[in-house]
Amino acid sequence: MSQSKAIILGCAGLSPTKDELALYREERPWGFILFARNLSEPEQIRDLVASLKDAIGRPDAPVLIDQEGGRVQRIRAPHVEAYPPAARLGEIYEIDRGAGLRAAWLMSRLHAFDLTRLGITVNCLPVLDVLVEGSTQAIGNRSYGRDPAAVTALGTAASEGLKAGGMLPVMKHIPGHGRALVDSHHDLPIVTASIEDLDAQDFAPFRALKDEVMAMSAHLVFTAIDPDRPATTSPKVIDEIIRGRIGFEGLLLSDDSSMNALKGTLGERAADIVAGGCDIVLHCNGVMDEMKQVVAKVPELSGESLRRAETAGAAFRPADATDERAARAEFWALVSEAKA
């Protein structure tokens with residue numbers, strides 16, 4: 001059987017088209033990612049997930065989603081509860097650290113209940129970006145806050161809650177997106193902070209969680225490290241900072257290659273991501289022409305990238321015995337009782 005390609009793909013609608021299925025079969029993506037456009041009700045989501053996995057003949061293929069809570073929650077009510085944003089967990093932590101950590105763990109554990117029953121196995125959480133004054137709302141209340149120690153503690157609890165529920169986390173956006181003054185979906189953020197300030201604040205949560213098996217890159221330029229290329233495509237940032245100073249040895253996913261912080265055609269972006277040192281190229285929007293451009297420039301997984309992908313795939317563990325009803329009651333009590 002041919003090796004998977006170093007890519008995660010989306011699809012355009014509620015079920016894959018004949019052309020999409022043919023592309024998946026031919027190109028063998030390592031995994032898939034789902035967005036709101038792909039999600040209507042539970043049975044449809046389960047069918048979609050099954051058809052994606054069947055197309056590549058890998059029932060264990062990872063299926064990702066951004067189910068953070070707040071405004072970045074791809075599956076919404078009435079199918080799952082409307083969870084608060086990370087900033088609310090940060091507020092609870094400021095009032096009572098134990099309650100904040102418990103709430104962060106419980107919310108992730110509840111995400112795992114919601115998602116695993118649909119066949120979704122990877123949640124792109126926690127957001128470890130440490131906010132600074134004046135930064136873009138692209139992160140905003142998706143962050144736990146401005147204190148690196150609090151972000152680290154809450155991010156750790158969130159990661160552990162997902163793993164306890166049989167899922168894997170993806171920490172993002174390494175090495176830190178909290179200083180971005182513009183939204184990388186539309187423009188390229190330029191960060192001028194010194195390496196000392198970055199090391200003390202932005203990199204700190206990622207360094208603390210460096211043993212997680214997956215992380216997602218940040219589409220922004222750090223002028224103190226590489227003034228010419230965003231982190232996602234910068235060998236200097238990836239080798240010296242992410243792999244070196246931070247010490248992350250796991251599977252590095254790019255953020256979405258269709259975001260306008262990156263320049264060039266989709267094929268050029270994919271080639272730059274691979275050359276920069278990311279293990280996996282992420283393409284999310286399901287636009288067929290773009291997917292064809294991207295897959296043409298992405299290699300099969302091999303070498304260290306293959307080893308990291310296999311390590312991630314082997315990291316799943318069975319869900320613990322948490323009682324779902326009790327966990328939900330405890331979580332919402334913590335959220336309602338903590339007054340900011």
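The values are calculated or read from the model by the stated rules, or taken from the named source; none is laboratory data. A quick note: this is a predicted structure, and the numbers were derived from the prediction, not measured. Glycine gets a Cβ as well: all are built from the backbone with ideal geometry, and neighbour counts include every protein chain shown.
I'm trying to understand the selection: among the residues of the stretch 291-335, which are under 14 Å from Leu106 (Cα atoms) and polar (S, T, N, Q)? Steps first, please.
Residues of the stretch 291-335 that are under 14 Å from Leu106 (Cα atoms), as a first pass: 319-335.
Correct list: Thr322 only.
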Looking only at the stretch 192-229, filter to residues that are acidic (Asp, Glu) and under 20 Å from Asp147 (Cα atoms); which one of those is farthest from the chain's Cα centre (by Cα)?
Glu196
Could you list all residues from the stretch 21-60 that are under 21 Å from Leu253 (Cβ atoms), outside any loop (DSSP other than H, G, I, E, B) and not aliphatic (A, V, I, L, M)?
Tyr24, Glu27, Pro29, Trp30, Gly31, Phe32, Arg37, Asn38, Lys53
Does the stretch 169-190 contain any residue that is farther than 21 Å from Gly247 by Cβ, β-branched (Val, Ile, Thr) and in a strand (DSSP E or B)?
yes
Starting from residues that are touching an Asp or Glu at 6+ places or on another chain (Cβ under 8 Å) and of a type in the set (Val, Ile, Thr), keep the ones in the stretch 204-232 and report whichever is nearest to Ala275 (Cα to Cα).
Thr232
Output the number of the condition that Asp255 fails; it satisfies all remaining conditions of (1) closer than 20 Å to Ile190 by Cα; (2) assigned to a helix (DSSP H, G or I); (3) touching a His at 6+ places or on another chain (Cβ under 9 Å).
(2)
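Among the residues of the stretch 257-267, is any charged (D, E, K, R), in contact (Cβ under 8 Å) with a residue 24 or more places away in the chain and closer than 29 Å to Leu39 by Cβ?
Let us first name the residues in the stretch 257-267 that are charged (D, E, K, R), namely 263.
Filter once more, keeping what is in contact (Cβ under 8 Å) with a residue 24 or more places away in the chain: 263.
Pick out the ones that are also closer than 29 Å to Leu39 by Cβ and you get none.
Among the residues of the stretch 257-267, not one is charged (D, E, K, R), in contact (Cβ under 8 Å) with a residue 24 or more places away in the chain and closer than 29 Å to Leu39 by Cβ, which makes the answer no.
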Among (1) part of a loop (DSSP other than H, G, I, E, B); (2) without any contact (Cβ under 8 Å) to a residue 60 or more places away in the chain; (3) surrounded by 19 or more Cβ atoms within 10 Å (Cβ to Cβ); (4) of a type in the set (Gly, Ala, Ser), there is one condition Ala224 misses while meeting the rest; what is its number?
(3)
Does Gln67 satisfy the criteria of being buried (at least 24 other Cβ atoms within 10 Å of the Cβ), at pLDDT 95 or above and either of a type in the set (S, T, N, Q) or out of contact with any Leu (no Cβ under 9 Å at 6 or more places or on another chain) (or both)?
yes
For the stretch 284-294, indicate whether the set of residues that are touching a residue at least 12 places away in the same chain (Cβ under 8 Å), surrounded by 12 or more Cβ atoms within 10 Å (Cβ to Cβ), under 15 Å from Ser258 (Cβ atoms) and β-branched (Val, Ile, Thr) is non-empty.
yes
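Would you mind finding the one in Ala261, Ala275, Ala270 that is buried (at least 19 other Cβ atoms within 10 Å of the Cβ) and part of a helix (DSSP H, G or I)?
Working: Ala261 fails: part of a helix (DSSP H, G or I); Ala275 fails: buried (at least 19 other Cβ atoms within 10 Å of the Cβ).
Only one candidate qualifies: Ala270.
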List pairs: first residue in the stretch 201-216 and farther than 11 Å from Met171 by Cα and surrounded by 24 or more Cβ atoms within 10 Å (Cβ to Cβ), second residue of a type in the set (D, E, K, R) and modelled with pLDDT under 95 anywhere in the structure, Cβ distance under 9 angstrom, at least six positions apart or on different chains.
Asp202/Arg179
